[in-house]
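Let me begin by presenting the structure, written as C-alpha cells, before commenting on it.
Only the coordinates and a few stated rules stand behind these numbers; no lab work does. Predicted model, so just to flag it, every value in this text is computed and none were measured. Neighbour counts run over all protein chains shown; Cβ positions are idealised from the backbone, glycine included.
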Amino acid sequence: MNILLSGCSRGIGLQILQVLLNSDKVETVFALSSNINRLPKHSSIVAVEVDFMTDLWMDKVIEYVNDKEIHGLINNAGYLYNGKTGAIPQYEINKMLTINYSAPLQLIQGLLDNLKRGKAHIVNIGSMGGVSGSSKFPGLSVYSSTKAALANLSECWAEELKEYGIASNCLALGAVNTEMLHEAFPGYVAPTSAIQIAKAIVEFTLSFDKVMNGKIIPLSVSTP
Ligand SMILES: NC(=O)c1ccc[n+]([C@@H]2O[C@H](COP(=O)([O-])OP(=O)(O)OC[C@H]3O[C@@H](n4cnc5c(N)ncnc54)[C@H](OP(=O)(O)O)[C@@H]3O)[C@@H](O)[C@H]2O)c1
C-alpha cells in the first residue's frame, strides 16, 4: 500500500511514520513535512518538504506523487494556538484554519485521481474538542472549531466519494503527550503516549475502511 502522511517530523506523526515503516503491508510513505531533515532515512519514504502557510506546496505534492495510487491518506498535521477569543491574533486564527482545515481539503482536491485509483481510506486526525458535547476548554475555541470543521468534512467526503470506493473517517483524539500539548499546556501530563495512539491510527487506516465510513470516532481514555 502507498500511504500519504502529513506532519511527521515529531510527535504523533513521527510515531505513525515509524509504525508504517514497520508494517509489511506498506510499500511507500509519502511523508509531507515542513522539516524533512528530521525524518528518518528509509528507502520506503518519499519525503516532500511542504509548508502549508506558503503558496504552491500542493504543486510539489502532485509532482512527487505523480501517477502513484494512494491507498491511505492520514491528515495528521495540525496547529494549536492557546488563546482566548478576545485576544487571539488574526495571524494565529488564519494559521489554524489553514493547517487544520484548508490543507486537508486541498490535499483531497489535488490528489483525487490518485485516491480514486487506490480506493483510499482518508483518515483525518481531529480532536475531542471538535466533537459536539465533549468537554470544552478556555483558549481552545478556534482550534477546536477548526477540528470540528475537519470532522464535518470527513462525514461529507464519505458521502461524496463513496461512489469511487473511497472511505473517509475522523479520529478525534483526546490528550496525547507530545511537544504540541506541552507547549500549549506546560506541566500537564496526558494519559496516552504518542506511540500508543500511533499504533491505533495505523491499524485503523490500514484495516477499518471496509467496516466504517463517515464516522467521527473518539480515541480517548477519558469521558466525555
Ligand atoms: N497531542 C494532543 O494532545 C492532541 C490532541 C488532539 C488532537 N491532536 C492532533 O494530532 C495531530 C498531531 O499532533 P501532535 O500533538 O503530534 O502535534 P505536533 O507535534 O505539533 O505535530 C503537528 C505537526 O503538524 C505539522 N505542521 C505544523 N505546521 C505545519 C505547516 N505550516 N506546514 C506543514 N506541516 C505543519 C508539523 O509536522 P512537520 O514538522 O513534519 O512539518 C508538526 O509536527 C494534530 O493534528 C493535532 O491537532 C493532538
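A few points about this structure:
- Applying the Karplus relation 6.51 cos²θ - 1.76 cosθ + 1.60 with θ = phi - 60° to the range 36-42 yields 3J(HN,Hα) values of 5, 5, 8, 6, x, 8, 7 Hz, where x marks Gly and Pro.
- Dmax and Rg, reported as Rg then Dmax, of the range 133-172 (C-alpha, Å): 12.8, 41
- Our analysis of the range 2-219 gives Rg over Rh at 0.94, with the two radii drawn from alpha carbon positions and Rh computed by the Kirkwood formula.
- Among the trypsin sites (Lys or Arg not before Pro) in the range 80-135, none is located in a DSSP loop while being surrounded by at most 10 other Cβ atoms within 10 Å of its own Cβ.
- Long pairs among K95/K116; K25/K68; K41/K215; K60/K136; K60/K199, criterion Cα-Cα beyond 27 Å: K95/K116; K41/K215; K60/K136; K60/K199
- Percentage, to the nearest whole number, of Cα pairs in the range 174-224 over 12 Å apart: 69 percent
- Here T54 and V221 are evaluated by their C-beta separation; at R0 = 30 Å the FRET efficiency comes out at 0.25.
- Close amide H contacts of I122 (hydrogens built in the peptide plane, cut-off under 5 Å, sequence separation of 5 or more or a different chain): L73, A167, S168, N169.
- Mean Kyte hydropathy of -0.5 or more with a Cα span along the axis of at least 27 Å, helices from DSSP in the chain: 141-161
- Residues in the range 215-222 carry Karplus couplings, in order, of 10, 10, 10, x, 10, 8, 8, 10 Hz; the curve used is 6.51 cos²θ - 1.76 cosθ + 1.60 with θ = phi - 60°, and Gly or Pro positions show x.
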